[in-house]
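What follows is a short report on a single structure.
The values are calculated or read from the model by the stated rules, or taken from the named source; none is laboratory data. Everything numeric in this text was worked out from a predicted model, so none of it was measured. Cβ atoms come from the backbone with ideal geometry, glycine included; neighbour counts cover every protein chain shown.
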Amino acid sequence: MNTIITFDEVLKQTKPEKRFLLLGNGFSMSYDFNRFSFTSLLDSAIKEEIIIENSPIHKMFVNLETADFEYIMRLLEDTSKTISCYSNDECSEKIKNKLIADTHNLKQYLVDIITNNHPEKITVIDDFKFTNTMNFISNFKKIYTLNYDLLLYWTTIKLKEREKKDIFKDGFGLSTNNEYEIVYKNKKDNNGQNVFYLHGALHLFDNKTDFLKITYKETYPLKDQILEKLNKNIYPIFISEGTAENKRNKIIHNALLSSAYKSLQTSGSKDSSLILFGTILKSNDEHIKQAIMDNGINKIYIGVNPKNQEELDHIKNNFNSDKKEIILYNYRSVKLW
């Protein structure tokens, strides 16, 4: 594990049809460090004063020891309905109205903090910036991602335009009556799916009967689409933070995420390789590391900064396994954006 190779050497050592990719936040940070280097949506919301510290909403996050926006929004809604069942006096009515108002505000906060850290449209990024990234992902048979932003999704769109065919499929394919969304084809082969959002994504939603994907339309920005869905109590499927156990529990209770996780857990064979870019799988992604250790892939290539001793020590101490061969490569040798 001591020798650190280049990405070109990774490609030479692996078979294209047996080569899988796992992306972490470093993929997005390589596009724009300032946009995507935040560690927590809640911390970022407080820093930008989108949520005021020690306000009632902030206290809910603190007292319930969570950073899960969807959980707090659902709790506010359920509590307002519960109060109506127990009392209709003036005081209760005021509390209920406050809860409803805070729920509405929290939805707006979530949209604001997400979109403040995210390009509004695919057209904001110049086409030439996609070229290296399209070439990079084209090296892989399957892609797994821990990121919930749209950079990978947008890159696959650009690749489809360039190649005039679907290289990567996310399992969605049945149109709804809404021109801006399509639904997940929950079939055995998942419509030839080879892109998996392990922690969900901003363009994926759960409306209780279907999983929906909102599609790119130049005249209908991401921010507007997300807010419209939230106002209908349709929530985006994404896991932004929490412990590995928290994340795994959310994955288990969502069929779309569970299917993606199972794919990683059961993928590959002894001559397969998994290349990690933008993540070294620290403690809050222990569930992902365990899925990798359980699967049939023999070689794991991990992108590192050769000058970052902390990264190297983490890998040395946390990837000891006689089941897998761990090879390090210099992530700076990958050309993106």
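Take the conditions (1) in a helix (DSSP H, G or I); (2) crowded, with 18+ Cβ neighbours inside 10 Å; LYS213 misses just one of them, which is (1).
Matching residues to (1) within 21 Å of LYS324 (Cα to Cα); (2) of a type outside the set (Val, Ile, Thr); (3) surrounded by fewer than 19 Cβ atoms within 10 Å (Cβ to Cβ):
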| residue | (1), (2), (3) |
| --- | --- |
| ILE234 | no, no, yes |
| THR243 | no, no, yes |
| ILE251 | no, no, no |
| LYS262 | yes, yes, yes |
| GLN265 | yes, yes, yes |
| SER269 | yes, yes, yes |
| HIS287 | yes, yes, no |
| GLN309 | no, yes, yes |
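Pairs meeting the criteria (first residue in the range 246-274 and more than 16 Å from THR145 (Cα to Cα), second residue surrounded by 14 or more Cβ atoms within 10 Å (Cβ to Cβ) and basic (Lys, Arg), beta carbons under 6 Å, at least 6 apart or on different chains) are ASP271/LYS18; SER272/LYS18. Just to verify a result, which residue in the range 126-150, among those that are out of contact with any helix residue (DSSP H, G or I) (no Cβ under 6 Å at 6 or more places or on another chain) and free of Cβ contacts under 8 Å to residues at least 40 places away in the same chain, is nearest to PHE20 (Cα to Cα)? Ranking the qualifying residues of the range 126-150, first place goes to SER138. The listed residues are HIS104, HIS118, and the only one of them that is assigned to a loop (DSSP other than H, G, I, E, B) and either modelled with pLDDT under 90 or in contact with a Cys (Cβ under 8 Å, 6 or more places away or on another chain) (or both) turns out to be HIS118.
If you check GLU65, GLU77, GLU70, which single one turns out to be exposed (fewer than 14 other Cβ atoms within 10 Å of the Cβ) and of a type in the set (Asp, Glu)? Working first, answer last.
Details: GLU77 fails: exposed (fewer than 14 other Cβ atoms within 10 Å of the Cβ); GLU70 fails: exposed (fewer than 14 other Cβ atoms within 10 Å of the Cβ).
After ruling out the rest, the residue left standing is GLU65.
If you go through the range 281-311 and keep only what is within 21 Å of LYS141 (Cα to Cα) and part of a loop (DSSP other than H, G, I, E, B), you end up with ASN295, GLY296, ILE297, ASN298.
Among the numbered conditions (1) in a helix (DSSP H, G or I); (2) in contact (Cβ under 8 Å) with a residue 40 or more places away in the chain, the only one that LEU328 does not meet is (1). The set of residues in the range 170-180 that are surrounded by 17 or more Cβ atoms within 10 Å (Cβ to Cβ) and either over 15 Å from the mean Cα position of the chain (by Cα) or in contact (Cβ under 8 Å) with a residue 60 or more places away in the chain (or both) comprises GLY171, PHE172, GLY173. For THR176, the conditions (1) at pLDDT below 95; (2) closer than 23 Å to ASN295 by Cβ; (3) out of contact with any helix residue (DSSP H, G or I) (no Cβ under 8 Å at 6 or more places or on another chain) are fulfilled apart from (2).
In the range 60-73, the residues that are closer than 18 Å to ASN105 by Cα form Cβ pairs under 8 Å with partners that are aromatic (Phe, Trp, Tyr) and assigned to a helix (DSSP H, G or I), at six or more places apart or across chains, as follows: ALA67/PHE61; PHE69/TYR109; ILE72/PHE61.
Is there a residue in the range 80-88 that is assigned by TED's automatic domain parsing to the domain that holds LYS250, touching a helix residue (DSSP H, G or I) at 6+ places or on another chain (Cβ under 9 Å) and assigned to a loop (DSSP other than H, G, I, E, B)? The answer is no; no qualifying residue exists.
From the set of residues in the range 30-60 that are closer than 22 Å to THR133 by Cβ and surrounded by fewer than 17 Cβ atoms within 10 Å (Cβ to Cβ), which is modelled with the highest pLDDT?
Initially, the range 30-60 is screened for residues closer than 22 Å to THR133 by Cβ, giving 30-38.
Next, only the ones that are surrounded by fewer than 17 Cβ atoms within 10 Å (Cβ to Cβ) stay: 32-35, 37.
On the way: ASP32: 92, PHE33: 89, ASN34: 83, ARG35: 83, SER37: 78.
Among residues in the range 30-60 that are closer than 22 Å to THR133 by Cβ and surrounded by fewer than 17 Cβ atoms within 10 Å (Cβ to Cβ), the one modelled with the highest pLDDT is ASP32.
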